[in-house]
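The values are calculated or read from the model by the stated rules, or taken from the named source; none is laboratory data. Quick caveat: nothing in here was measured; it's all calculated off a predicted structure. Neighbour counts are summed over all protein chains in view; Cβ atoms, including those assigned to glycine, are modelled from backbone coordinates with ideal geometry. Note: areas computed on protein heavy atoms with side chains; ligands, DNA, RNA excluded. Shrake-Rupley method; radii C 1.70, N 1.55, O 1.52, S 1.80 Å.
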Amino acid sequence: GCVGRIDGTNQPQPAAVTTIACTNDGIDGIALSQTNTSGKPLLFTNDNDGTILKIDQSTTPAQITTIVSGGTRGDFVTVGPDGCLYATQTSTVEKVTNADGSCSWVPTGVLPLVGLTPLQQPSVPAGTPTSFTATLIHVSNPANIAVTFTVTGANPQSKTVTTDATGMATLNYTGSHAGLDTVVATATGGGTSLTSNPGSILWQPPFTVLLPFVVRSSGN
């Protein structure tokens with residue numbers, strides 16, 4: 001099957017049709033994820049044989065990558081507000097993440113949103129610096145907007161960071177205590193109060209360095 005783009009649907013027909021990519025399998029479902037690079041969304045297809053493909057339009061021709069295989073018949077597929085991909089199979093719904101369990105795709109839509117990445121940071125010892133990034137989406141003037149990061153859990157705190165020209169703001173912090181932290185970003189964009197999906201990090205107890213113990217004889 002092939003994926004195409006139809007231009008000029010608001011103009012007299014026939015509309016212009018451009019083929020983006022073709023696969024060897026029957027395509028049933030398709031989802032889009034916005035990107036900040038080429039301006040062209042990533043495409044995800046859910047195929048008849050249970051394969052989920054990613055189609056990257058930033059290259060010519062578009063690059064096709066298999067991200068899930070070995071499933072059953074696929075139909076619907078969508079990018080959730082948490083940045084994860086959700087796809088139906090014959091009798092199940094699959095959640096597709098990055099290898100580390102995080103989700104970094106951005107759902108399409110017209111409403112203002114704020115997304116937080118990563119969804120889950122790797123577990124690290126307390127005292128190790130870490131960061132979370134909030135991105136404003138569908139906000140006409142995303143620069144210089146105050147984003148408040150609220151951390152709850154083992155290391156509660158709150159910090160406000162101003163977005164850059166692309167609408168991104170990054171929280172850099174270090175957890176002093178072992179335990180789980182949950183991070184949420186809030187902002188006001190497009191006249192709307194926005195709350196992100198939660199991110200999390202598990203802090204492990206800090207490493208302990210054991211020094212050698214030496215017993216010396218008095219010589220008597």
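Being outside any strand (DSSP E or B) and at pLDDT below 90: is that true of Pro81 here? Explain how you work it out, then say what you get.
On the way: outside any strand (DSSP E or B): yes; at pLDDT below 90: yes.
Answer is yes for this residue.
Counting only residues that are open to solvent by 50 Å² or more (accessible area, probe 1.4 Å) and assigned to a strand (DSSP E or B), how many does segment 27-57 have?
Here the count works out to 5.
If we keep just the residues of segment 137-150 that are in a loop (DSSP other than H, G, I, E, B) and open to solvent by less than 50 Å² (accessible area, probe 1.4 Å), which is farthest from Pro41 (Cα to Cα)?
The extreme case among them is Ile145.
Tell me, yes or no, whether segment 149-161 has at least one residue that is under 17 Å from Leu119 (Cβ atoms) and among the aliphatic types (A, V, I, L, M).
Going through segment 149-161, the residues under 17 Å from Leu119 (Cβ atoms) turn out to be 149-153.
Still in the list and also among the aliphatic types (A, V, I, L, M): 151.
For segment 149-161, residues under 17 Å from Leu119 (Cβ atoms) and among the aliphatic types (A, V, I, L, M): present.
Which ones in segment 118-136 are in a strand (DSSP E or B) and surrounded by fewer than 21 Cβ atoms within 10 Å (Cβ to Cβ)?
First, pick out the residues of segment 118-136 that are in a strand (DSSP E or B): 120, 124-125, 129-136.
Across segment 118-136, the qualifying residues are Gln120, Val124, Pro125, Pro129, Thr130, Ser131, Thr133.
Step by step: first the residues of segment 151-169, then only those that are open to solvent by 60 Å² or more (accessible area, probe 1.4 Å) and among the polar types (S, T, N, Q), then the one that is modelled with the lowest pLDDT. Which residue is that?
Thr166
Search segment 170-192 for residues being among the aliphatic types (A, V, I, L, M) and either at pLDDT below 95 or under 18 Å from Ser102 (Cβ atoms) (or both), and hand back the single one that is most open to solvent (accessible area, probe 1.4 Å).
Here the residue is Leu180.
Let me confirm something: among Thr72, Thr60, which residue is open to solvent by 70 Å² or more (accessible area, probe 1.4 Å), at pLDDT below 90 and outside any strand (DSSP E or B)?
Answer to the selection: Thr60.
For segment 105-124, indicate whether the set of residues that are in contact (Cβ under 8 Å) with a residue 12 or more places away in the chain and over 21 Å from the mean Cα position of the chain (by Cα) is non-empty.
no
Just give me the residues in segment 85-104 being open to solvent by less than 40 Å² (accessible area, probe 1.4 Å) and either at pLDDT below 80 or assigned to a loop (DSSP other than H, G, I, E, B) (or both), in sequence order. Spell out how you get there, then give the answer.
First, pick out the residues of segment 85-104 that are open to solvent by less than 40 Å² (accessible area, probe 1.4 Å): 85, 87-89, 96, 101-103.
Passing the criteria: Gln89, Gly101, Ser102, Cys103.
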